[in-house]
Amino acid sequence: MTHDQLHQRLRAALGETAVLTDPDDVAPYTSDWTGAFTGTASAVVRPADTEGVAAAVRLCAEAGVGIVPQGGNTGLVGGGVPDGSGEQVVLSLGRMRRIRTVDPIADTITVEAGVPLQAVQEAATASDRLFPLSLGSEGSCTIGGTIATNAGGTAVLRYGMMRDLVLGLEVVLPDGRVWDGLRPLRKDNTGYDLKQLFIGSEGTLGIVTAAVLRLMPPTPRRATAFLALDSVDAATALLPVLRQHGGGQLTTYELLGRQALDLVLTHQPGSRDPFGEPHAWYALVEIAGSTDDVEARLEAALGEAVEADLVGDAVIAGGPAQRSALWRLREDISEAQKSEGVSIKHDVTLPIDDLARFVTEMRPRLEELLPGVRPVTYGHVGDGNLHYNLSAPVGDDAALRAAAADLTRAVYETVTALGGSISAEHGLGALKRAAAARYKSDVEVDLMRMVKQALDPTGLMNPGKVLPTAG
Ligand code: FAD
Ligand code: 2HG
Ligand code: ZN
């Protein structure tokens, strides 16, 4: 079947407007948020419902055409973007935006894959509940995308990753069948937990079309502090203090190096340094709950931290405007680093005890490889997850591009030697698929290939992503 014939059949099955082929219409779907990944597509298909997704998958399978599922296109590893062949079809879930039900007794919300994360948070709030997943991209990223990447964010410390928040899934399989696993059950030991296979599979095993998600009690009281710290060691030593005083309500513990704050202050209008003098490191802490004691808990934790010499200075948010300003200093880093120019992203996890060692060991190694390279270090310190993103030496993007492979190898070797992971929360996508072959064990890679072969034997589901290249 030619691509033109495929387009005609897709239009006949899904309707004229559901299939985009005009280059101007297709363009927004073929490059990513970072600008590092750009491809071309045979077409973009935008089904309105699960049946439409299944029909599109069946037609692409008949034509032997690869399918790239796409949600909000905020992924940072090139997973939702087609390759450069022009042979692949992008399947966007963007029209599937229905919130199907909020169930106050089961304490669940059932939503379609294309619903933006923020809309789910708002629907939960409107029912006096909380959907706790929280990302800087929440206005644009979709529930399907957060499931496909097993997204993390700034509340993982308390609530876990997306994997921990999904009770049931509906998935269109690579052969076009629909698996209805849309169950709100909290207990279901009937063999393999199939939904977990699809969560974090980045569109390589099937297309998530809907999900049942867990809701949590709301946390209307929030105590938020921005801290100045001398070292990463101080940040890790502070974690048990925060946890002890937080009493299960410690929700956020984020770290920022001075370079990260500097980028925000330079590029984000209205941002302001909360302190009179610069410090090497900063942390954003939030304790959240439903009772008034959250502030007292935060103050007690900070009192102990100051006494133990772990904190140099601290600002506690006096109200919603100040809280939001402090949050922006953390959440705007990605945007600010993008404005600064070319950078290389490393989203790594380490055993928490080794975070300081990692940061200390990396600096001279990187400086030797590329003098003037600027590590912008920040992340979810409570989860051992650093975004160790390297900006180019000032004015020399070309030098960073030339040294990129060596720099990344140095980072990943150190992470692996310390028992960490080369992808904490963003996934492998296209960016890290070759690295996965190097840093995962042969047994792990083999098992991944077996799973892929079993579910997608013709390899049409997001080709060229996640699965390490052979050899
Ligand atoms: P897309 O980018 O469209 O797709 C991502 C992957 O999922 C692709 O492989 C795609 O093929 C697949 N996919 C998408 N939808 C489906 C579906 N319905 N079925 C099957 N496969 C599908 N991530 C974090 O984990 N934590 C953060 O704190 C965080 N902060 C961010 C901040 C910014 C400013 C930005 C730009 C990104 C951030 N991200 C973060 C990354 C990104 O937002 C997440 O990975 C998010 O889950 C992607 O959702 P999406 O809908 O945009 O997916
Ligand atoms: C964050 O924690 C995101 O802000 C984005 O995961 C990280 O842009 C990045 O590298
Ligand atoms: Zn992150």
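No value in this document is a laboratory result; all are computed from the given coordinates. Just so it is clear, the model here is predicted, and its values are computed rather than measured. Every residue, glycine as well, gets a Cβ built from its backbone with ideal geometry; the counts of neighbours run over all protein chains shown.
Output the 0 to 90 degree angle, nearest 10, between the alpha-carbon long axis of helix 50-63 and the longest principal axis computed from the alpha carbons of the chain.
Helix 50-63 and the main axis of the chain meet at about 60 degrees.
If packing is taken as the average number of other Cβ atoms within 10 Å across a peptide's residues, how do 356-368, 320-332, 207-219, 185-197 rank, most packed first?
With the highest mean Cβ count within 10 Å placed first, the list reads 207-219, 320-332, 356-368, 185-197.
I need 408, 154 ordered by Cβ neighbour count within 10 Å, fewest first.
Going from sparsest to densest Cβ surroundings: 408, 154.
Determine the sum of side-chain charges near residue 296: Lys and Arg each +1, Asp and Glu each -1, restricted to other residues whose C-beta is under 15 angstrom from that of residue 296.
-3
What nm distance separates the two modelled labels at residue 418 and residue 398, each placed 7 Å from Cα along Cα→Cβ?
Output for this residue pair reads 3.4 nm.
Could you rank the peptides 143-150, 72-79, 84-91 by their average count of other C-beta atoms within 10 Å per residue, with the highest value first?
143-150, 72-79, 84-91
Whole-Hz Karplus ³J(HN,Hα) for region 79-95, in order, using 6.51 cos²θ - 1.76 cosθ + 1.60 and θ = phi - 60°, x for Gly and Pro?
The phi angles translate into x, x, 10, x, 6, x, 6, x, 9, 9, 9, 8, 10, 8, 8, x, 8 Hz.
Let me know the shape class of region 110-170, please: from the alpha-carbon gyration tensor, a ≥ b ≥ c as square roots of the eigenvalues, rounded when a/c is under 1.5, otherwise prolate if a/b is greater than b/c, or oblate.
Since a/c stays below 1.5, the shape of region 110-170 is classed as rounded.
Based on DSSP H runs of at least 4 residues, each adding -39500 (n - 2.57), what is the mean residue ellipticity at 222 nm of the chain after dividing by all its residues, to the nearest 500 deg cm²/dmol?
Estimated from H runs of four or more residues: -11000 deg cm²/dmol.
Starting with the fewest neighbours, write out 442, 273 ranked by other beta-carbon atoms found within 10 Å of each beta-carbon.
Ascending number of Cβ neighbours within 10 Å: 442, 273.
Go ahead and run the numbers for FRET between residue 308 and residue 258, Cβ-Cβ distance against an R0 of 30 Å, rounding to 0.05.
Step by step, r from the Cβ atoms, then E = 0.85.
Using the Cα gyration tensor of region 1-106, with a ≥ b ≥ c the square roots of its eigenvalues, what is the shape: rounded (a/c below 1.5), prolate (a/b larger than b/c) or oblate (neither)?
Oblate shape, in that a/c is at least 1.5 and b/c is the bigger or equal ratio.
If I take R0 = 60 Å and measure r between the Cβ atoms of residue 405 and residue 101 in this structure, what FRET efficiency does the formula 1/(1 + (r/R0)^6) give, to the nearest 0.05?
FRET efficiency, residue 405 to residue 101: 0.80.
Once label points are set 7 Å from the Cα along Cα→Cβ at both residue 22 and residue 128, what is their separation, rounded to one decimal in nm?
Roughly 4.9 nm, to one decimal.
Taking 7 Å along the Cα-to-C-beta vector as the label spot, tell me the residue 11-residue 180 distance in nanometres, rounded to one decimal.
Inter-label distance under the simple model: 3.3 nm.
Residue by residue through region 364-379, what is 3J(HN,Hα) from phi via Karplus (6.51 cos²θ - 1.76 cosθ + 1.60, θ = phi - 60°)? Round to whole Hz and write x for glycine and proline.
Residue by residue, region 364-379 yields x, 5, 6, 4, 5, 6, 8, x, x, 4, 10, x, 10, 10, 7, x Hz.
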